[in-house]
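Notes follow the structure.
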Amino acid sequence: MKRKVTKAIFPVAGLGTRFLPATKSVPKEIMTLVDRPLIQYAIDEARAAGIKEFIFVTSRGKGALEDYFDHAPQLEEELRRKGKNQLLETLESTNMESGAIAYIRQHKALGLGHAVWCARRLIADEPFAVILPDDVIAADKPCLQQMVEAYAETGGNMVAAMEVAPEKTSSYGMLDVSEDMGAMVRVQGMVEKPPAGQAPSNLAVIGRYILSPSVLTNLQKIKSGAGGEIQLTDAIAREIENENGVYGYRFAGQRFDCGSKSGFLQATVAFGLAREELHDDLSAYLHDIVTMGKAAE
Ligand code: UTP
């Protein structure tokens, strides 16, 4: 049965160790690309896809993230008084409807699968989306919206898929594809982080998912048996065994891995260049440092 996807889980309970020392006190998801925190990009994408309920799986030290979604009436009033209408509009566009956000605690960082499982009672028996805010995707049509439209045709489970170079497969869950239908592929297996040359395809899973509630039941079973991290991909792979469809969707857009320093810096440059008011200055600067670097070689 296909149903509308109106709930999304945002797992933000990870330790963010790759950004230490910053993440000692700043949640990774609050770090900014130009002037918007990573989480705002994720929320905007979810809204565009028709999501109405936003479930954050948080942990100790993520207070700033929760505060970010509070309305700021004093600030709004001040901007209104000063006639700073554009800033006011920017601020108001981040306001969330009362009751639209829920926060669930993950008491221990036991893995992405475990974080998703923590939200099970709020999901109940509906299909749901999962968005990892560290994967930021620049696209004309937001990635999750592309997926929701494709999912309306398939039902089942859908993961965002991206082609990666053979030497990069050990950083991703890789898809084993049984049927290639263009943008969409049917998945017959998933392999977590295979070494170079051993991946079943060049399609990697990245941080957007639309999942059936039975994935939560699978997670429950895995949870009772697992010693280490509880992987979301394992629970999705069980859907294939249970003969529930799993599809990969080759989204149109560019993905930045903002969980890594290099990816975060690349995204900063790309999103900076995409801003009209910053483009000329930034590109002139980049041009200068590249040509200076070349001259020094
Ligand atoms: P990462 O693998 O990027 O881990 O998690 P991390 O802790 O955020 O960062 P590093 O590797 O230590 O630098 C992928 C996503 O899953 C969430 C993270 O918050 C991130 O959005 N996650 C991971 C949880 O919510 N709980 C976990 O136990 C693990």
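Kindly give Rg over Rh for the stretch 19-155, based on alpha-carbon atoms, with the Kirkwood expression for the hydrodynamic radius. The partial results should precede the final answer.
On the way: Rg = 16.4 Å, Rh = 16.8 Å.
The Rg/Rh ratio comes out at 0.98.
From Cα coordinates alone, what are the radius of gyration and Dmax values for the stretch 72-227 in angstrom?
19.8, 62
Antiparallel DSSP bridges in the chain: what percent, to the nearest 5? The partial results should precede the final answer.
Values: 27 of 44 bridges.
Roughly 60 percent of the DSSP beta bridges within the chain come out antiparallel.
Once amide H atoms are built 1.01 Å from N in the peptide plane, which residues 5 or more positions from Val57, or in another chain, come under 5 Å H to H?
Phe10, Val12, Ile104
Considering only DSSP states other than H, G, I, E and B, which trypsin sites (Lys or Arg not before Pro) in the stretch 77-131 qualify as loop sites with at most 16 other Cβ atoms within 10 Å?
Details: sites: Arg80, Arg81, Lys82, Lys84, Arg105, Lys108, Arg120, Arg121; in loops: Lys82, Lys84, Lys108.
Those satisfying the criteria are Lys82, Lys84, Lys108.
Evaluate the charge dipole of the stretch 22-172 about its Cα centre and quote only its size in Debye, nearest 20, assuming +1 on the Cβ of each Lys and Arg and -1 on the Cβ of each Asp and Glu.
Values: 17 positive and 23 negative charges, 129 e Å.
It works out to roughly 620 debye.
For the cross-link pairs Lys4/Lys261; Lys168/Lys261; Lys24/Lys141; Lys4/Lys28, which exceed 24 Å when the distance is taken from alpha carbon to alpha carbon? Don't skip to the answer; put the middle values down first.
Details: Lys4/Lys261 36 Å; Lys168/Lys261 16 Å; Lys24/Lys141 35 Å; Lys4/Lys28 30 Å.
Lys4/Lys261; Lys24/Lys141; Lys4/Lys28, as the Cα separations exceed 24 Å there.
Determine the dipole magnitude for the chain: charges of +1 sit on the beta-carbon of Lys and Arg, -1 on that of Asp and Glu, nothing else is charged, the reference point is the Cα centre, and the result goes in debye to the nearest 20. All intermediate terms of the calculation are to be shown ahead of the outcome.
Details: 33 positive and 39 negative charges, 188 e Å.
Dipole size: approximately 900 debye.
Under a point spin-label approximation (7 Å from Cα along Cα-to-Cβ), what is the Ala152-Asn95 distance to one decimal in nm?
Those two pseudo-labels are separated by 2.9 nm.
Out of Pro21, Ala42, Val187, whose Cα points farthest toward the positive end of the dipole of the chain (charges: +1 Lys, Arg; -1 Asp, Glu; placed on Cβ)?
Pro21
Would you calculate the separation in nanometres between label points at Asp281 and Ala165, each defined as 7 Å from the Cα along the Cα-to-beta-carbon direction?
Between Asp281 and Ala165, the simple spin-label model gives 3.3 nm.
Figure the gain on full extension for Ala102 and Arg250 (residue separation times 0.36 nm, minus the Cα-Cα span) and round it to one decimal in nm. Please list the in-between numbers first.
Values: separation 148, 0.36 × 148 = 53.28 nm, distance 3.01 nm.
Taking 0.36 nm per residue and subtracting the Cα distance, the gain is 50.3 nm.
Can you give the alpha-carbon Rg of the chain over 2.2 N^0.38 Å, where N counts its residues? Write out the running numbers ahead of the final one.
Working: Rg = 20.1 Å, N = 297, 2.2 N^0.38 = 19.1 Å.
Rg over 2.2 N^0.38 Å, computed on Cα atoms: 1.05.
Coordinate-derived values only; no laboratory data. The model shown is predicted, which means the values in this text are computed figures rather than measured ones. With ideal geometry, Cβ positions are generated from the backbone for all residues, glycine too; neighbour counts draw on all protein chains shown.
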